[in-house]
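The values are calculated or read from the model by the stated rules, or taken from the named source; none is laboratory data. If you're wondering where the values come from, they're calculated on a predicted model, not measured in any experiment. Every residue, glycine as well, gets a Cβ built from its backbone with ideal geometry; the counts of neighbours run over all protein chains shown. Ligands, DNA and RNA are stripped out before the accessible areas are found, and what is left, the full protein with its side chains, is counted by its heavy atoms. Shrake-Rupley method; radii C 1.70, N 1.55, O 1.52, S 1.80 Å.
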Amino acid sequence: MMRPGLFRDDLPALLALLIPVIWRAQGDPWLGPRLALCLIVVFGWQALFARLRGQGLSLHGAATAALVALFVPDTAPHWQLVIGLSFGVVLGEAVFGGRGRSFVQPVVLTLAFLIFSFADQPYRAGPELPLWTALPAVVVLIATGQAPVGTVLGAAAGLAGLSWLTGTDPLAPLMSGALVLAVLYLTADPVTSGATAAGRWICGLLAGGTAALFATAGPAFGALVFATLLTSVFAPLIDHLALAVQVARLRRRERRLRHG
């Protein structure tokens, strides 16, 4: 049983990854086996937890598997992927009840785990993808609401602004197809990037600015992964503060109308 949002949520996010995956597969003969392994791991854990909870399955796990297979280096040992992806899917999503109930994006948690645990592999570097391969994903995800505009623009502004302040090319981070895909799918994930309009802008700015700051000491892709992880942890607090400010403004307006 698939959930009602299959065609609205799952398929657009998955189809938007076709061009980057096909382009990288031309120079990475291990992408196919790696993707198959990631699909087995993700759907294996999803099926287990769905059976325990009496829930149905959905296709969003395919996008998770495709992103991990796309973002990791071609030298990544398969046993590391099994451990890292299991950690990310179980602790990042499954234990909280599945998609829409967690506060950490499972791909972000997977990549952060791999970067922390296996320094011998270039997980921080990210793949080299031309910008044009990510442009269809920009259109599809924004049009379908899978990448909130406020978070995307906030992240882009944060990356460019702090890059300029630190004396580097402000447009350089935005010319990487891998970084653009990471912003769209990881930083701007509608589940973990804030629920309020103001919160999404703030989360985007915080993630982009922190990534630009971290990038002064390492690859920009790894910097964005860690920045997104930190931002997602604070996203509920940011939303709480944004709602508190909005409620305070509405109460002041109500008092002025009552006494004016």
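Checking the condition in contact with a Cys (Cβ under 6 Å, 6 or more places away or on another chain) and either within 14 Å of residue 158 (Cα to Cα) or at pLDDT below 90 (or both), which residue from 231, 210 passes?
Answer to the selection: 231.
Mind listing whichever residues of the range 22-76 are closer than 21 Å to residue 116 by Cβ and assigned to a loop (DSSP other than H, G, I, E, B)?
72, 73, 74, 75, 76
State which residue pairs qualify: first residue free of Cβ contacts under 8 Å to residues at least 60 places away in the same chain and inside the range 119-136, second residue exposed (fewer than 14 other Cβ atoms within 10 Å of the Cβ) in any location, beta carbons under 7 Å apart, and separation of 6 or more residues or different chains.
Pairs that qualify, where the first residue is free of Cβ contacts under 8 Å to residues at least 60 places away in the same chain and the partner is exposed (fewer than 14 other Cβ atoms within 10 Å of the Cβ), are 121/75; 131/175.
Consider the range 214-241. How many of its residues are closer than 19 Å to residue 102 by Cβ and either buried (at least 23 other Cβ atoms within 10 Å of the Cβ) or aliphatic (A, V, I, L, M) (or both)?
The number of residues fulfilling the criteria is 11.
Have a look at 81, 129 and point out the one that is within 24 Å of residue 20 (Cα to Cα), open to solvent by less than 30 Å² (accessible area, probe 1.4 Å) and in contact with a helix residue (DSSP H, G or I) (Cβ under 6 Å, 6 or more places away or on another chain). Let's see the steps before the verdict.
Working: 81 fails: in contact with a helix residue (DSSP H, G or I) (Cβ under 6 Å, 6 or more places away or on another chain).
From the options 81, 129, the qualifying one is 129.
Evaluate the following for residue 211: is it among the small types (Gly, Ala, Ser), closer than 25 Å to residue 140 by Cβ and open to solvent by 30 Å² or more (accessible area, probe 1.4 Å)?
no
Can you tell me which residue in the range 91-114 is modelled with the highest pLDDT, limited to those that are out of contact with any helix residue (DSSP H, G or I) (no Cβ under 6 Å at 6 or more places or on another chain) and assigned to a helix (DSSP H, G or I)?
In this case the residue turns out to be 91.
What are the pairs, 6+ residues apart or on separate chains, where a residue within the range 45-57 that is more than 21 Å from residue 83 (Cβ to Cβ) has its Cβ under 7 Å from a residue that is surrounded by 12 or more Cβ atoms within 10 Å (Cβ to Cβ) and not aliphatic (A, V, I, L, M)?
55/98; 56/3; 57/46
Results for (1) farther than 19 Å from residue 224 by Cα; (2) open to solvent by less than 10 Å² (accessible area, probe 1.4 Å), shown as yes or no for each residue.
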| residue | (1), (2) |
| --- | --- |
| 71 | no, yes |
| 77 | yes, no |
| 88 | no, yes |
| 96 | yes, no |
| 100 | yes, no |
| 108 | no, yes |
| 113 | no, no |
| 117 | no, no |
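Does the range 147-178 hold any residues that are part of a loop (DSSP other than H, G, I, E, B) and open to solvent by less than 30 Å² (accessible area, probe 1.4 Å), and which are they?
Within the range 147-178, 147, 148 qualify.
Can you name the condition, by its number, that residue 35 falls short on among (1) without any contact (Cβ under 8 Å) to a residue 12 or more places away in the chain; (2) in contact with a Leu (Cβ under 9 Å, 6 or more places away or on another chain); (3) within 29 Å of residue 139 (Cα to Cα)?
Unmet for residue 35, out of (1) without any contact (Cβ under 8 Å) to a residue 12 or more places away in the chain; (2) in contact with a Leu (Cβ under 9 Å, 6 or more places away or on another chain); (3) within 29 Å of residue 139 (Cα to Cα): (1).
Counting just the residues of the range 179-208 that are assigned to a loop (DSSP other than H, G, I, E, B) and small (Gly, Ala, Ser), which one comes out surrounded by the fewest Cβ atoms within 10 Å (Cβ to Cβ)?
By that ranking, first place goes to 195.
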